[in-house]
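The structure appears right after this line, and notes come after that.
The values are calculated or read from the model by the stated rules, or taken from the named source; none is laboratory data. Please read all numbers here as calculations on a predicted model, not as lab measurements. We place every Cβ from the backbone using ideal geometry, glycine too, and count neighbours over all the protein chains shown.
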Amino acid sequence: MSDKKEAVAGGQPGAGLLPRLKEEVSQKTYLSRETLQSIAGQTGLPLNSVYGVASFYAYLPVAAAGKNIIRVCGCLPCDLKDAQGVIGRIKKELGIEPGQTTPDGKFTLEVVGCIGACDQAPAMLINDTLYGNLTAESIAGILKSC
Amino acid sequence: MGNVNVIIDGKKVKVKESSTILEAAEACGVTIPTFCHIKGLLPTGVCRVCVVEVQGSRTLVGSCHTPVSEGMVVSTHTPRVVAARKVIVELMLTGHTGDCVNDPNAENCKLHNLASDYQVGAPRFSVRAPRFFPVEDSNPYVRRDLSKCVLCRKCVKACREVARKDLLSIGYRGFRSKVVSGYDEPLTAEVCRDCLICIEHCPTGALSRPVKV
């Protein structure tokens, strides 16, 4: 218990957890069991608590993901501007459903909540890059450039 | 710490300033139904079954986690409160999709008892997809049937505060929420021993002792 407390470095258990998770995820495609276990040790929390926090957030993936994570906005403004058509085209191009990864491990497709780009609806993120004003026709070109 | 005077269902009672409405009600013999609350532990206030009407408050308040204040006037069984509780129980029943027909302990299900107390029939809400999780019975001490779980968090709290193991947490969010252990993996016998405390606290039968074959 005492070494656990020292690891917290004077803070409450769990202090600095989210910044740590963010830092890890910026270097890796997803948060593996080993990664979360080591963060749990550093923050003085049990693994289940760290997993609980990470799995709550769409941008802290806990399942193995592809090299590029496509996050298409599924919220109302994008939906009104035919996000469904865009999603349909991505599904067709990649041959996967939302939540799945392509067999070559290149792409993971996810439909997420608002990504704050309603002015460019319909929009999607591929990793950290925002693509706005999408049309079904523009999808193939974007995917090819990745 | 001083005392405060409150009126609950017309009964005057003097309680410690730090008390909750639920504790004050208990002190004057008024029963408020609870579901996710474990006496003596930190309240979570997630199930909302214990809501009551407080004079001057715009909304109903959860009595298990709301502290009393001087001159507070509380009503625990007004039509508004009862109507709210009915819908709350009905909503929980909607998410309680386990196989109760084959469960020999179904009569002990506190959610079903509550539904019968409040005359809640079959839930009228439809779900897009039932919450289904395969039964986990790899652990020799605890069998988990998470389809029956209504996320009251009693096991999380009991494991943390009573058993002091802290093996359970709520993972994911919204419709996908579930009680997870470790990296969302089955409870192994290495970490979870036979304390059975979570089973005692589970109101629905989502956690039970494995059936010996």
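Of note:
- Checklist (1) surrounded by 15 or more Cβ atoms within 10 Å (Cβ to Cβ); (2) within 20 Å of B:ILE170 (Cβ to Cβ); (3) touching a residue at least 40 places away in the same chain (Cβ under 8 Å) applied to A:ALA58, failing item: (1)
- Taken over the stretch B:158-176, the criterion of being buried (at least 21 other Cβ atoms within 10 Å of the Cβ) and more than 13 Å from chain A (Cβ to nearest Cβ) is satisfied by B:ALA158 alone.
- Residue within the stretch A:51-70 that is polar (S, T, N, Q) and within 14 Å of another protein chain (Cβ to nearest Cβ) present: yes
- The residues in the stretch A:122-143 that are over 13 Å from the mean Cα position of the chain (by Cα) and either surrounded by 13 or more Cβ atoms within 10 Å (Cβ to Cβ) or not in a loop (DSSP other than H, G, I, E, B) (or both) can be counted, and the count is 14.
- Applying the criterion of at least 2 residues that are without any contact (Cβ under 8 Å) to a residue 24 or more places away in the chain to the strands (runs of 3 or more DSSP E) found wholly in the stretch B:1-73 leaves B:11-16.
- Members of the stretch B:164-203 that are among the hydrophobic types (A, V, I, L, M, F, W, C) and assigned to a loop (DSSP other than H, G, I, E, B): B:LEU167, B:LEU187, B:ALA189, B:VAL191, B:CYS192, B:CYS195, B:LEU196, B:CYS202
- Residue list for the stretch A:81-106, filter: in contact with a Leu (Cβ under 6 Å, 6 or more places away or on another chain) and farther than 17 Å from A:SER138 by Cα: A:ILE96, A:PRO98, A:THR102
- Matching residues in the stretch B:110-124 - criterion: being at pLDDT 90 or above and in a loop (DSSP other than H, G, I, E, B): B:TYR118, B:GLN119, B:VAL120, B:ARG124
- Within the stretch A:93-121, considering residues that are β-branched (Val, Ile, Thr) and not in a loop (DSSP other than H, G, I, E, B), the one surrounded by the most Cβ atoms within 10 Å (Cβ to Cβ): A:THR108
- The condition (being in contact with a helix residue (DSSP H, G or I) (Cβ under 9 Å, 6 or more places away or on another chain) and within 22 Å of B:THR59 (Cα to Cα)) is satisfied by just one residue among B:VAL89, B:VAL120: B:VAL89.
- Here A:GLY41 passes the criteria (1) under 30 Å from B:ARG160 (Cβ atoms); (2) not assigned by TED's automatic domain parsing to the domain that holds A:GLU24 except the one numbered (2).
- For the stretch B:40-87, a residue qualifies if it is touching a Cys at 6+ places or on another chain (Cβ under 7 Å) and buried (at least 20 other Cβ atoms within 10 Å of the Cβ), and the qualifying residues are B:CYS47, B:CYS50, B:GLY62, B:SER63, B:CYS64.
- Among the residues making up the stretch B:123-157, those that are surrounded by 21 or more Cβ atoms within 10 Å (Cβ to Cβ), basic (Lys, Arg) and either free of Cβ contacts under 8 Å to residues at least 24 places away in the same chain or within 23 Å of B:VAL101 (Cβ to Cβ) (or both) are B:ARG144, B:LYS148.
- Flag for B:VAL150 being modelled with pLDDT of 90 or more, β-branched (Val, Ile, Thr) and assigned to a loop (DSSP other than H, G, I, E, B): yes
- Hey, A:ILE90 out of contact with any Lys or Arg (no Cβ under 8 Å at 6 or more places or on another chain), among the aliphatic types (A, V, I, L, M), at negative phi and surrounded by 17 or more Cβ atoms within 10 Å (Cβ to Cβ) or not: yes
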